Amino acid sequence: SDHMENICGYLMKYTNLVTGWQYRYFVLNNDAGLLEYFVNEQSRHLKPRGTLQLAGAVISPSDEDSHTFTVNAASGEQYKLRATDAKERQHWVSRLQICTQHHTEAIGKNNPPLKSRSFSLASQGSANSPGVQRRPSQNAVSFFNVGHHRLPTGKRVPIMQPDHLVDVREMMSQAEGQQRDLIRSIECLPASGHLTSLDQDLLMLKATSMATMNCLNDCFHILQLQHASQQKGSLPAGTTISWLEPKISLANHFKNGAAQNFPAEINKPASVREEQSIAEPCQLTREPEEINPDEELEDICDDKEDDLGAVEEQRSVILHLLSQLKLGMDLTRVVLPTFILEKRSLLEMYADFMSHPDLFIAITRGGSAEERMIRFVEYYLTSFHEGRKGAIAKKPYNPIIGETFHCSWRMPKSSMATDAGTNSSAHCPSEQVTLPKDPEGQAEPDYYTVKFVAEQVSHHPPVSGFYAECVERNMCVNAHVWTKSKFLGMSIGVTMVGEGVLHLLEHGEEYTFSLPCAYARSILTVPWVELGGKVNINCAKTGYSASINFHTKPFYGGKLHRVTGEVKQNMTNTVVCRVQGEWNSVLEFTYSNGETKYVDLTKLSVTRKRVRPLEKQGPFESRRLWQHVTESLRDGDIDKATEHKRALEERQRNEERLRAETETPWCTKYFLKDGDGWVYHKPLWKTVSAAQTQQTDSN
C-alpha cells in the first residue's frame, strides 16, 4: 500500500492508423482502480475521454522499443501507450501493476471462484484393443467427459445493470473455466503413448476451443458497447465497434508446442554471430549504388516450392499457433514457423512478377491508346502465375528494413522486331527522346535490358518499394506496397495496400494500378493460394480504364482462380475488350471487333532474371542477407534455418530500439518519401526530362 500512489501525466496514446499517436493526460486512480485519460491537463475536471478498469488487467511492456507499453483490460479493451523514455515507462508500468494486483485480489476475496469443473479421462485401454493405436476416424473428444453446469434453478442472480449481460457473463465464466480445464487436461497428457498431448485431434480441439472463446469475448465486448450506447442515446463521435487487438503475446517462436530455446552466444555458428554483428545499416554507406548489368549472370536457382511433406509433419506447430490467434488479428508482428517459408525474400517475389519482360516491353509498342491499355492488362494478368512459385501457399521472407534486391532481364531485339508490325510507324518522331550516347562510343547492344530494384523502406508498417525500367523503350514502373496480413480462421488474408504507376514516356502516358488481396487457404492440410478483390487500372491522359475482378472460390461449387475484367473508354462508356479465365491457367480476351485471343500461362515462355553472384552482392542484398536461411531450408534443416532467421530478426529489433533511443531517423537508399508513397530516387522520367532540356539547350 506504500506504493499505491495516484500518479498523473502526459503519455502518447495510439488511436488508429489514420490518427496515429496523440498526447493525452492520464490519471491513475488507485482508490477506484481506474486508469483515466483526458485531452489535456486543463480538461481534467471534465468527464474522462476514456476509462479502463484495472482489476484483472494485464500490463505489458512492449518489446518493439523501450518506451511503449500496453494496458489490456479484462473487458478486452486495450490502450497502447508510449512514455517519453524508459525510466518513465518503468514508473508507470510498476504503479499500474501494483494497482492492478491490489484490485484483482480484492475481487477474488469478495467473489469466491465458481465451483471447479472436472474432466475425467476415460480408460485408455480396453480388452478389445490393448496397446492398439486409435483409428484416425475416432473422435478424440470422446475421451473427455465434459460436465455441463447449469445455473441454480432456485436462485436467480441478483438483478444488476445490465441484468441480461450479467447472465451472459456468468455463462461465459463457466465456459471459460471448462475450456481452461480442458486445455490443462490435454497438456497434462504424456508426450508418448496411446493418447498424447500432441495428438492431432486434441490439438485441433484445443485450437478451436481457444478461438471460440476469443470470439465470444469479442462479441460480449460489442454487446457492452451497444448497451452503453443505448443508455447514452448514441455512441460518442468517432467510436467504432470492431474486432479487438490480440491480448496474447506471440513474441516467441514455437516448435511442436514448446517455446524454442537457442544455444548461448558462444555456441552459435559463426554465420549466426556474423548475422548479429553486421553494423547498423544507417552507419553503412547509404549512397545509392549503380549496379552494372554486365556483372549479373543468368539465374540458375530454381527453388520450386512443391514439397508438401514438411507442412504435414509440422501440423502440430500450426495447431499450437492457431490456438493463440484471434479472428481479424494482425499478423505483422507474429513470428511464424520457419518451415512454411519460401526460399526467397518478398522483394525477390516482386521481381518474379516481371518474368515476362517481352510482354512488358510490348506495352509501349501498341499503335493506339486502346491497344496499349489492352496490352498492359494482358501483361498485368500474366504476371501473377510466375510470381507465385508452386501450388503450395508458402510465405516469402519478411524483408529486413534496408534490404534491397537487384536484377535485370535481357530480351533480344530480334524477337521483338515483328511485335509492333505496322504500329511502329505510329510513333511520332517528335515523341522520341534521345538519351546521351555511351561516351566510349560502343555499339548499341542487340537486346533490350529491363532493370529492377526493390528496397524495404519501412519496418512498421512493412512497406516495400520497387522500380523497373527499360531505357531503350523509354518506359518504367514505380510502386510501393504495404502488406497487411490478418488471421481469418482456417486461412490467412494479405491485403496489398499501395499503388503502382507505369510511365510510357514515349507517349506521355501514366497508368495507375493496384494489387489484389492474397489468401492462404486450408492452412491445416495442404495450403494453397488464391487471389481476391477488385483492382483498377487507369490512364488519365487517354481516358481508358480497366476493371479486373479476382474471384475467390464460393463455399459450394464454383471454379478456382477465376478472373474477369473489361477495358473501357470512359468518354463514350464503351467496352473495348473483355477478359475471363483463370489467372494461373488460360485467359480469354474478347475484343470489340469480335476477335478472341487465348493466352495459356502454363506454356508462356519465362525469361530468367540475371542476378549478381553472392560474392559481389552487398551485405543487405536479399540473397546474401538470407543465404544461411535459404541453405538450411534447402538442406531440410529447419532448426538451423530458424536459428539464422531469429538472429536476423533479433538484430533488426535491436537496431530499431537503438534508433528510437537515439532518435535517429532511418535513411533509405534508393527510394524517397513522396506524400503517402515512395518514389525511386532517379526515375527514368527525370533522366528523360534532363535529356530533353540538354537537347533544347544545344539547339
Next on the checklist: For the full complex of protein chains and a 1.4 angstrom probe, list Leu96, Leu515 by accessible area with the highest value first.
Outcome noted: Leu515, Leu96
Item to check | Approximate spin-label separation Ile300-Met571, in nm, with each point projected 7 Å along Cα-to-Cβ | outcome: 5.5
Checklist entry - With each pseudo-label sitting 7 Å past Cα toward Cβ, what's the His681-Ser585 distance in nm, one decimal? => result 4.7
Item to check | At R0 = 45 Å, FRET efficiency that the Cβ-Cβ distance of Ala32 and Arg634 yields, to 0.05 | outcome: 0.15
Next on the checklist: For a quick check of your reading of the filter: which chymotrypsin sites (Phe, Trp or Tyr not before Pro) in region 547-588 sit in a DSSP loop and have no more than 15 other Cβ atoms within 10 Å?
Outcome noted: Phe555, Tyr556
Next on the checklist: Calculate the FRET efficiency for Met171 and Leu46 from the Cβ-Cβ distance with a Förster distance of 41 Å, rounded to the nearest 0.05.
Outcome noted: 0.65
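Over region 8-108, with the other protein chains present, what is the accessible area per residue in square angstrom, probe 1.4 angstrom? Walk me through the numbers before you get to the answer.
Working: 4980 Å² over 101 residues.
That works out to 49 Å² for each residue.
Just the accessible area per residue of region 547-648, please: how many Å² with a 1.4 Å probe? Kindly include the intermediate steps, with their values, before the conclusion.
Working: 5400 Å² over 102 residues.
Roughly 53 Å² per residue, with all protein chains present.
Test of the criteria: in region 565-663, which GluC sites (Glu not before Pro) are in a DSSP loop and have at most 14 other Cβ atoms within 10 angstrom of their Cβ? Walk me through the numbers on the way to the answer.
On the way: sites: Glu566, Glu582, Glu588, Glu595, Glu615, Glu621, Glu631, Glu643, Glu649, Glu650, Glu655, Glu656, Glu661, Glu663; in loops: Glu595, Glu663.
Answer in residue order: Glu595, Glu663.
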Checklist entry - Dipole of region 462-580 (Lys/Arg Cβ +1, Asp/Glu Cβ -1, origin at the Cα centre): which of Tyr467, Val579, Asn538 lies farthest to the positive side? => result Val579
Checklist entry - By average Cβ neighbour count within 10 Å, what is the ranking of 354-361, 675-682 from highest down? => result 354-361, 675-682
Checklist entry - Taking K and R as +1 and D and E as -1, what net charge do the other residues with C-beta under 13 Å from the C-beta of Pro48 add up to? => result +3
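Out of the total accessible area of region 8-108 (probe 1.4 Å, heavy atoms of protein only), what percent is carbon and sulfur?
Details: 2540 of 4980 Å².
Using a 1.4 Å probe with all protein chains present, region 8-108 comes out at 51 percent carbon and sulfur.
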Next on the checklist: At 7 Å along Cα-to-Cβ for each site, give me the label-to-label distance between Arg653 and Glu472 in nm.
Outcome noted: 4.9
Next on the checklist: Give me the net charge for the shell around Leu297: Cβ to Cβ below 14 angstrom, other residues only, Lys and Arg +1, Asp and Glu -1.
Outcome noted: +1
Checklist entry - If the chain between Leu560 and Arg180 were fully stretched, how many nm would it gain, using 0.36 nm times the residue separation less the Cα-Cα distance? => result 132.9 nm
Item to check | Rounded accessible area of Ser632 (nearest 10 Å², 1.4 Å probe) | outcome: 10
Next on the checklist: What FRET efficiency comes out for Glu64 versus Ser522 if R0 is 35 angstrom and r is the Cβ-Cβ distance? Round to the nearest 0.05.
Outcome noted: 0.65
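Using a 1.4 Å probe and counting only protein heavy atoms, arrange His459, His194 so the residue with the most accessible area comes first. Don't skip to the end; give the middle numbers.
Details: His459 40, His194 70 Å².
Order by accessible area, largest first: His194, His459.
The values are calculated or read from the model by the stated rules, or taken from the named source; none is laboratory data. None of the values given here were measured: they were computed from a predicted structure. With ideal geometry, Cβ positions are generated from the backbone for all residues, glycine too; neighbour counts draw on all protein chains shown. Just so you know, the surface numbers come from the protein's heavy atoms only, side chains and all, with ligands and any DNA or RNA stripped out. Shrake-Rupley method; radii C 1.70, N 1.55, O 1.52, S 1.80 Å.
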